[in-house]
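Working notes for the structure below.
The values are calculated or read from the model by the stated rules, or taken from the named source; none is laboratory data. The structure displayed is predicted, hence computed values, not measured ones. Quick reminder, even Gly has a Cβ in these numbers, built from the backbone with ideal geometry, and neighbours come from all protein chains shown. SASA here: full protein model, heavy atoms, side chains in, ligands and nucleic acids out. Shrake-Rupley method; radii C 1.70, N 1.55, O 1.52, S 1.80 Å.
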Amino acid sequence: MEFPTSVLQSAPAREAIRIVDRLRDNGFLAVLAGGCVRDALLGRTPKDFDVATEATPDSVQRVFGKRHTIAFGASFGVIGVIPPRSKDGSRESLPPTEVATFRADGTYSDGRRPDHVTYGTAEADAARRDFTINGLFYDPAEDAILDYVDGIADLQSMHLRTIGEADRRFDEDKLRMLRAVRFVTTLGLSVESATLAAIHQHADSLRVVSGERIGAEMRRVMCQGDAGRGLQLLVDTGLSRHVWPGLDAMNWAKLRSCWQRLPEITFETAMATTLSVLSSEAAEAQASLKSLARRWKLSTVEQRAIIAAIEWAPRVVQCVDEPWSNLQPILVNRDVDVIVAVAQAIAEDGAGISRAQRELQREPATLNPPPLLSGDDLIEMGLTPGQNFRTWLAEIRRLQLDDRLCTREDAVAWVRQQT
Ligand code: ATP
Ligand code: MG
């Protein structure tokens, strides 16, 4: 397998190569490591470029100067190197590049992190990584891939396999099981059989992983075209018991067809679609979301969009003959894009969607006209604030949207009739 040098043209890649070259000039072996090598070899655009080196964190700071580095996880040997100023003096808008010292992990006793790390060779550093496809290095100076773990063979056959004995590797760090599901889903891999068997065997120990870490992995699983496959793997391996209780009741065929209709896959549209397929009642879907949101620590903005879509998407699907006053509040919801996308996913018949999309083309003044009257107007008319106000204002709004009250005077006259 050849490393596609075209991926080295991007700004973050050039910055990583600058760092590798500088370390080399100072006598240290340095390479690109992990996810970026894997993604490049798969023909994907790497998310970021991580550097691994034999230089200790102190040496890295000495080479680049303390002012140009940030000690990230100093205890784990990771230094962030800040990009240089460009010629016009502005900083390139690149994040710092992570430069990690080759290390050999010690023992693991908490099921998540090594008790201590020692610096080691490139080979030891490859061996402590999780999956063979993640254990590759690329040496740009020699244009050579360093493969100590048979990662290339697994990339070629699209297999996910632990480095070393699967049983021990999942025992050390339980989060790796969920990372496996993530890589299967995002990269379309199949899981090698001993690795799969070990996940089955250790699934229950995922319980020691924090809900927040689980949530971070699930955000990535859910944003993929193939998330259904990842979810099914969670259920098949038993991981779902600690990730998403109740997921085993899923109608997978239905989820697949909804997923295919989803026009835009984001975490929010994916979650709302999945929960809507899982529960026939919106209230039940919202309750499931609430409990996942607590465990996964979802933001209020994420929750708001997902809840809006669970609640309103079915109404959009059914809206063909609805009066405008019923549909309008849904279409001016701040999460309307999520709502309509989820409606498209769950709709078996597109007539409601077509109407909603047509109505969304309205000019702002007719999509969301200013109300004819406000509470202040009612007070000015000499009325006493109370429960009636809400009822009247809602009714005036409804009549306005349905073109039965057109002017402020019409509305005032309507209120007078009520009193
Ligand atoms: P992405 O492109 O999604 O960032 P990645 O493979 O770079 O994927 P990271 O979480 O950024 O994933 O980790 C960087 C590298 O560190 C991995 O490729 C892997 O080699 C190693 N690694 C990360 N997490 C673990 C872990 N829990 N156990 C062992 N090695 C790990
Ligand atoms: Mg990464």
Go through region 205-214 and give me each residue that's surrounded by fewer than 20 Cβ atoms within 10 Å (Cβ to Cβ) and more than 16 Å from ligand 2 (Cβ to nearest atom).
205, 207, 208, 210, 211, 212
Cβ pairs under 7 Å, 6+ apart, first in region 112-132 and touching a residue at least 40 places away in the same chain (Cβ under 8 Å), second within 16 Å of ligand 2 (Cβ to nearest atom) and open to solvent by 30 Å² or more (accessible area, probe 1.4 Å):
117/76; 130/179
State whether the residues of region 49-60 include one that is closer than 22 Å to residue 154 by Cβ, within 16 Å of ligand 2 (Cβ to nearest atom), part of a loop (DSSP other than H, G, I, E, B) and modelled with pLDDT of 95 or more.
yes
Contacts under 7 angstrom Cβ, first residue in region 268-282 being over 12 Å from residue 339 (Cβ atoms), partner part of a helix (DSSP H, G or I) and at pLDDT below 95, 6 or more apart:
270/227
Across region 191-204, which residue is farthest from residue 275 (Cα to Cα) among those that are open to solvent by 50 Å² or more (accessible area, probe 1.4 Å) and touching a residue at least 12 places away in the same chain (Cβ under 8 Å)?
194
Going through (1) over 26 Å from residue 193 (Cα atoms); (2) over 26 Å from the mean Cα position of the chain (by Cα); (3) modelled with pLDDT of 95 or more; (4) crowded, with 17+ Cβ neighbours inside 10 Å one by one, residue 126 fails only at (1)
Looking only at region 216-257, count how many residues are aromatic (Phe, Trp, Tyr) and over 19 Å from residue 175 (Cα atoms).
1
Being away from ligand 2 (no atom under 16 Å from the Cβ) and either open to solvent by 40 Å² or more (accessible area, probe 1.4 Å) or outside any helix (DSSP H, G or I) (or both): is that true of residue 220 here?
no
Quick check on region 200-223. Is at least one of its residues aliphatic (A, V, I, L, M) and more than 26 Å from residue 158 (Cβ to Cβ)?
yes
Positions within region 6-27 being in contact (Cβ under 8 Å) with a residue 12 or more places away in the chain, within 16 Å of residue 144 (Cα to Cα) and more than 14 Å from ligand 1 (Cβ to nearest atom), in sequence order
8, 17, 20, 21, 24
Filter region 33-50 for residues that are closer than 18 Å to residue 69 by Cα and open to solvent by less than 60 Å² (accessible area, probe 1.4 Å); the one that is nearest to ligand 1 (Cβ to nearest atom) is 50
Within region 397-419, can you find the residues that are part of a helix (DSSP H, G or I) and surrounded by 12 or more Cβ atoms within 10 Å (Cβ to Cβ)?
397, 398, 399, 400, 401, 408, 410, 411, 412, 414, 415
Filter region 346-396 down to the residues that are open to solvent by 70 Å² or more (accessible area, probe 1.4 Å) and of a type in the set (Lys, Arg), then identify the one that is nearest to residue 316 (Cα to Cα).
358
